[in-house]
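K.L.:
Handing you a structure now.
Any read-out appearing in this document is the output of simple, stated calculations on the displayed coordinates, not a laboratory observation. Keep in mind it's a predicted model, so treat the numbers as computed, not measured. Heads up, the Cβs are rebuilt from the backbone with ideal geometry, glycines too, and the neighbour counts pull from every protein chain shown.
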Amino acid sequence: MNPLFAGLFDDAALFPPASTPLAGAVASHVARRESALAPLLGPFVCPAGDFGSLPSGLRVSLILPAADTPVPASPDIVAIEAPDAVPGPVTTYSEIPVAEIDATRLAALRAAGLRLKLRTGGVRAEMFPSEDALARALWAAVRGGLAFKLTAGLHDPIRHRDPVTGFEHHGFLNVLLATARALQGYDIERTLADSDGERVAAGVAGIDDVLAKAVRHHFVSFGTCSIDEPVDGLLRYGLLPEDPR
């Protein structure tokens, strides 16, 4: 498998727009973990209030409503995500609005041993950052040597306008390619804005293993309430050798 895609998709089926009931989301996640999809999967993303209802043995990224929310002692929790997080017992992502990212704030995160979480979509148009705003945030993270994850609005691999909502969605292949180009010192706003799927996919396919490792050092994963949609996207652009489902 292309190392760019290993563990890229955090399973956020519990969250909108899918909002899958807990039992069904867990069952689907377990089935995927036992299938050829497993190398693509990150942890199961779960709100703190639902953690006690999970079966043991899952790899869980726990969503806290606030930084001071108590964290259960469990070997199943492999990551924590919270607004303005403080260092925790496991890998911890601090969610900061894209518009508030700057070098000073990211330096403080890195000094504290924290990672960055960026929200790239939601249920309202204003929750989708512009290409310019996201480009500045990604540049700051790469320059600051910071690892980050993204969440919301990234089901499709390529930048597009949703025909139902009219929202402009970022593409996860655009973000992968933009991260690579930021590492190479290029401007990335145009890469994030590019809606030509074949061109973006060709750029991603041209990333060698050394650069791919550096890209994924920064862009760790993204939360998606659908695993099938991003997998379909990779297949559509010939970036997976076969359908793993």
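K.L.:
Treating only the Cβ of Lys, Arg, Asp and Glu as charged (+1, +1, -1, -1), what charge dipole size does the chain show about its Cα centre? Round to the nearest 20 debye.
P.N.:
480
K.L.:
Among 65-77, 121-133, what's the highest-first ranking by average C-beta atoms within 10 angstrom per residue?
P.N.:
Ranked by mean Cβ neighbours within 10 Å, highest first: 121-133, 65-77.
K.L.:
Taking only Cα atoms and a 10 Å spring cutoff, compute GNM fluctuations for the chain and point out the largest among F222, F148, F167.
P.N.:
Top of the fluctuation ranking is F167.
K.L.:
Using the number of other C-beta atoms within 10 angstrom as an exposure proxy, rank T92, T179 with the fewest first.
P.N.:
The fewest-first ordering by Cβ neighbours comes to T92, T179.
K.L.:
Could you give the distance between the Cα centres of the range 120-164 and the range 1-42, to the whole Å?
P.N.:
Result: 20 Å between the Cα centres.
K.L.:
Test of understanding: ordering V78, V175 by Cβ neighbours within 10 Å, fewest first, what list do you get?
P.N.:
Ascending number of Cβ neighbours within 10 Å: V78, V175.
K.L.:
What residues qualify as long-range amide H neighbours of F148, i.e. H under 5 Å apart, gap of 5 or more or another chain, H built at 1.01 Å from N?
P.N.:
Those qualifying (amide H under 5 Å, at least 5 residues apart or on another chain) are L116, F219, V220.
K.L.:
Between rounded, prolate and oblate, where does the range 53-188 land on the alpha carbon gyration tensor, with a ≥ b ≥ c its root eigenvalues, rounded for a/c under 1.5, else prolate if a/b exceeds b/c?
P.N.:
It comes out oblate by the Cα gyration axes.
K.L.:
What order do you get for S61, S195, S28 when you list them from fewest to most C-beta neighbours inside 10 Å?
P.N.:
Ranked by crowding around the Cβ, least crowded first: S195, S28, S61.
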